[in-house]
Amino acid sequence: MASSRLRSANVRAGSIQTIAAVLARRMVDFERHGRWLPRSNRYRTDTVSRLEKDVGAAVVAERDLVQYVAVSVPLHLVDGWSFWGRALGAYLQGDFASLVHLAYYAELRAAMALLGSAGIGVFSQHHFSANTRQTVLEVEKRSKSGRGVGTHAIVWPLLRARARHRESAEHVLGRLRGGQASIWDWLSSFSVGNRVALSARWLEAWGLDLIEDDHHQRNVASYRPSALREHGSSSFTDRVEFVSALWSLAEPGAGRSLAVDRYLLRAALRQVVPTQAGLTLAQVIQAAAANAGEDLGVWLPFLSAPATHDPLPLRIASESNAADQATAGQQILARAFLLLRAAGASTSASLQGASGVSSWLSSFGIQRCLWSETQTAAEMVDRWADLSETLGRLRSLSAPPSGPSHPDWTVVAGVAMGEFGLVWSLANG
Amino acid sequence: MKRLESFPALYVKQWRKEWDQVPWSAARQQRKPEHGFFMFSAPASTLKALTGVYRRSADQRKPTARRNDPNVQRAHDESRSTKIRDYVRFGYPWSDLPERRRRDNEFSDLRKPGWLPTALVINILRPGDVRDGATLRKEDAASIGNRNERPEIIVPSSFSGKEWQPQSLHPFEVIDGQHRLWAFDDLDSTSDFELPVVAFDGLDRSWQAYLFWTVNITPKKISPSLAFDLYPLLRTEEWLNAVQGLAIYRETRAQELVENLWAVPESPWHQRINMLGESGLGSKMVTQAAWIRSLMATFVKPWEGHGRGKGIGGLFGAPIDESSFSVLSWSRAQQAAFLIQIWSEMRDAVRDSKADWAKALRAADLLPDPDPAFYGEASLINSDQGVRGILAVFNDLFFVTAQTLELGSWEMPRSEDVTSADEVGRAIVQLRKRRAVCEFARQVARGLAESDWRTSAARGLSEEQRLRQAVFRGGPGYKEIKVDRLKALEKHKSPVGEAAREVVRRFGY
């Protein structure tokens, strides 16, 4: 779908502040009554069909729709991480067809969470932005037939358009952290334009699979018998290693940061260098560390390392056209992870003024069997030790001399709990 | 003749012989100033009228001609003056809360006074002074008088009150503090809320710019971490929770302490922490993230257990004396030194240990150095759970004995150079002179070293031992290891045993 179908001004009008304010109110209601949307919200059920009808009659219930967009931000993120976790499990089992499906939908939901936090809601054939007055504007020009472009076709152009806004860039980079400072602050002596361009470039690269023309892989996975396709030569040991590498990037740090954040910081600084005439990487790092108030002695060796030192998932995230399913699976898993990280960052920003986030996550974790009793934020973060333990078991089972082995489903299931990614993005440990 | 309004003032004499050497130059607007300045206070509304600081909007009273407004060159950051206004009305942190939370009654107890104790800095223009083509006329000029042998600042003879507009120029130029005055634009103009003022008399323009620089730019804004060091009482101010202030302190402080543990040569963990979570480092290292989580769960925690008086707090994050709410006012360097000392005792105790578990780990490792019993792959000490367990035990034992050991009496002068490894080194030297503290740490370490610190994957374990050690794996391992070690220490007939029994009692283990 051409970006020219978008109403740029309306895309721009999507208000981060509106969504944050409405979401904060909804969290209060959720905490008290266990409801994300009030019973009176028109779009609480049969969302798409009711909206279609209301658009046709030009009587869209705007405040209800804005509420819906707001609560969909964390809820798309829930689904995105869940899909990603199951995709990981499918990859480990060598089920590449399921992997592609699930990872694609993980990316789609991550993108919808990102858009939602910017005030943009995607609804099958009708798509809106919520502005500062809590009214809604259509973001797509109507075709002659009156039909809109579907979800799968519009998400990418919208993501691309919105990624170029300063607010959206700050929303994401302001929550990815290196130490105590955000990437946005690390880069504060470099122009805002550079930072916005960086964020946009990342989102575009990570959202590669969402480009309509590129749904080929998903279609093949959907309709062609997977056993007839080239699987590639990845062994179970290789797959365990890749899964470990991915999960290692999700290790929670302080203040809702994940381990991947510092690798993104490293990549950001590398990408800033060509824009700074006459400055070396070391000088850029020095300036950035001073902005961030971080110890150069701690950071310089790490930040100076070349891209070849990045963990495998980060190195392959921007690659496509893999020769075999296994490699393609790795690439899409990596991209989905990164897009979910970005979405987690923007969701965290949207939830900043809200109360009850920890208790929501705790009860969510009980529902999803992450734990069996109420957890504090610190306890939720401590669950990393459990995942780390499970990955250790997996590695020892698959490594020589006892491997290559295919352990039973209980171990595989343990690493498919993508919900931990959600929890660690949002819990303030 | 009607007596003009005046404000009693103090004269602050500030001059040094060296200043006579400064190259004064009226041509460069750097003429020699008076040898001091005045201090007084006046209602904000009067100051606004005398300085001409008003928000520039179309619906204002008769707008001051641009040339009469000496403050026109400064940009008004509306959000800043709004913030100050809200602060004056409601204090901090209420003034920083988003609108929705202000409407919520839950936060009404966060309202506090909005004092403005820092002085505006102004210059009192003299008759004949020229600004942007306008000359200050005598009737618009303030003057400095003397009453009862005290100086006083006398308003201009033409001054008629809050709505006054001069015919020529406003007599006061604001060097610093405009936003404070702008903040009063929307506040009740009948209020007699006064602001303190530092007033220079006839200061040349270039010196005003210089003053602005020295007042605003050269002083370093202190970091929250330093604020908590300079004012330790802040660590227990619960209102800071509303603005995540305490969480920021804990996170920042935990990170700083881990950096010290890694960077300071005397530390057993010098260069032995995986600071940036990298893989393939060669030897086993606990990640910085894990260390930070552990410090936040132990030494920097606010409180754990059933509330104050029944549970145990973090030595660096909670009051050690519930009756007076006094916190241990140690600086970051002292805190780092303490951690390094307890770990040094732990390392030495393990090194000296002849326990079977330690011998087994050494026998299984080809290299004796560094000590496999402490740093080895199969050592629980050099693991996420081991680090947490040891920190938890040390914190809790020292917390309950803090007063007996007089931890609060250890003071060191504060330094703003808080990243200095030298300062931590000095703190270590000082701490080692406190025999009772070091001896207690030594006894704790020796007691801990008696326990089996092998991981469940260590070679040579019997099945029973393996199952026993497996309990310390994963998330549950954090608590299991702490409880197990405390219960072992409970059996000691010593101050350590006594402290362990107290901790066990408080937690109900």
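The values are calculated or read from the model by the stated rules, or taken from the named source; none is laboratory data. Please read these numbers as outputs of a predicted model, since none were measured by experiment. So basically every Cβ, Gly included, is an ideal-geometry build from the backbone, and we count neighbours across all protein chains shown. Surface accessibility is based on the protein's heavy atoms, side chains included, excluding ligands, DNA and RNA. Shrake-Rupley method; radii C 1.70, N 1.55, O 1.52, S 1.80 Å.
Being modelled with pLDDT under 90, within 30 Å of B:MET296 (Cα to Cα) and of a type outside the set (Gly, Ala, Ser) narrows it down to one of A:ASP261, A:ASP295, so name that one.
Residue meeting the stated conditions: A:ASP295.
Of the conditions (1) surrounded by 18 or more Cβ atoms within 10 Å (Cβ to Cβ); (2) more than 14 Å from chain B (Cβ to nearest Cβ), A:LEU23 clears all except one; give me its number.
Checking A:LEU23 against (1) surrounded by 18 or more Cβ atoms within 10 Å (Cβ to Cβ); (2) more than 14 Å from chain B (Cβ to nearest Cβ), the one that fails is (2).
Return yes or no: is A:THR18 within 14 Å of another protein chain (Cβ to nearest Cβ) and either hydroxyl-bearing (Ser, Thr, Tyr) or in contact with a strand residue (DSSP E or B) (Cβ under 9 Å, 6 or more places away or on another chain) (or both)?
When the stated conditions are applied, A:THR18 passes them.
Which numbered condition trips up B:LYS221, out of (1) at pLDDT 70 or above; (2) more than 10 Å from chain A (Cβ to nearest Cβ); (3) more than 21 Å from B:GLY314 (Cβ to Cβ)?
Status for B:LYS221: all satisfied but (1).
Of the numbered conditions (1) touching a residue at least 60 places away in the same chain (Cβ under 8 Å); (2) closer than 30 Å to A:ASN321 by Cβ; (3) among the aliphatic types (A, V, I, L, M); (4) buried (at least 23 other Cβ atoms within 10 Å of the Cβ), A:MET112 satisfies every one except a single condition; which is it?
(1)
Within segment A:260-291, which residues are in contact with a strand residue (DSSP E or B) (Cβ under 8 Å, 6 or more places away or on another chain) and either of a type in the set (Ser, Thr, Tyr) or open to solvent by less than 20 Å² (accessible area, probe 1.4 Å) (or both)?
A:ASP261, A:LEU265, listed by residue number.
Could you tell me which of the residues A:VAL69, A:VAL59, A:VAL48 is in a loop (DSSP other than H, G, I, E, B) and among the β-branched types (Val, Ile, Thr)?
A:VAL59 is the lone residue from the list that is in a loop (DSSP other than H, G, I, E, B) and among the β-branched types (Val, Ile, Thr).
Check whether at least one residue in segment A:273-283 is within 14 Å of chain B (Cβ to nearest Cβ) and assigned to a helix (DSSP H, G or I), and report yes or no.
Checked against the condition, which is being within 14 Å of chain B (Cβ to nearest Cβ) and assigned to a helix (DSSP H, G or I), segment A:273-283 yields no hits at all.
For residues in segment A:230-256 being under 29 Å from B:LYS301 (Cβ atoms), open to solvent by less than 10 Å² (accessible area, probe 1.4 Å) and out of contact with any Pro (no Cβ under 7 Å at 6 or more places or on another chain), which is nearest to the other protein chains (Cβ to nearest Cβ)?
A:PRO252
Would it be correct to say that A:THR347 is buried (at least 18 other Cβ atoms within 10 Å of the Cβ) and part of a helix (DSSP H, G or I)?
So A:THR347 fits the description; yes.
For segment B:259-297, which residues satisfy the criterion of being in a helix (DSSP H, G or I), among the aliphatic types (A, V, I, L, M) and over 17 Å from B:TYR375 (Cβ atoms)?
Within segment B:259-297, B:ALA263, B:ALA289, B:ILE292, B:LEU295, B:MET296, B:ALA297 qualify.
Give the residue that is most open to solvent (accessible area, probe 1.4 Å), with candidates limited to residues of segment B:466-509 that are away from every other protein chain (no Cβ under 14 Å) and assigned to a loop (DSSP other than H, G, I, E, B).
Only one residue tops the list, namely B:LYS493.
Within segment A:372-392, count every residue that is over 11 Å from A:LEU426 (Cα atoms) and either buried (at least 17 other Cβ atoms within 10 Å of the Cβ) or facing another protein chain (nearest Cβ under 9 Å) (or both).
14
Go through B:SER420, B:SER409 for me and flag whichever is more than 22 Å from B:THR298 (Cβ to Cβ), small (Gly, Ala, Ser) and without any contact (Cβ under 8 Å) to a residue 24 or more places away in the chain.
B:SER409
Give segment B:257-297 a look and list any residue that's surrounded by fewer than 18 Cβ atoms within 10 Å (Cβ to Cβ) and either at pLDDT 95 or above or more than 8 Å from chain A (Cβ to nearest Cβ) (or both), or say none.
Selection gives B:PRO265, B:GLU266, B:HIS270, B:GLN271, B:GLY280, B:LEU281, B:GLY282, B:SER283, B:LYS284.
With the structure loaded, tell me whether A:TYR68 is touching a Gly at 6+ places or on another chain (Cβ under 9 Å), closer than 18 Å to A:THR151 by Cβ, touching a residue at least 12 places away in the same chain (Cβ under 8 Å) and of a type in the set (Phe, Trp, Tyr) or whether it fails that test.
Criteria met by A:TYR68.
Pick from A:THR347, A:THR308, A:THR275: which is touching a His at 6+ places or on another chain (Cβ under 9 Å) and at negative phi?
A:THR347 is the lone residue from the list that is touching a His at 6+ places or on another chain (Cβ under 9 Å) and at negative phi.
List the number of the failed condition for A:PHE123; all other conditions in (1) crowded, with 23+ Cβ neighbours inside 10 Å; (2) modelled with pLDDT under 95 hold.
(1)
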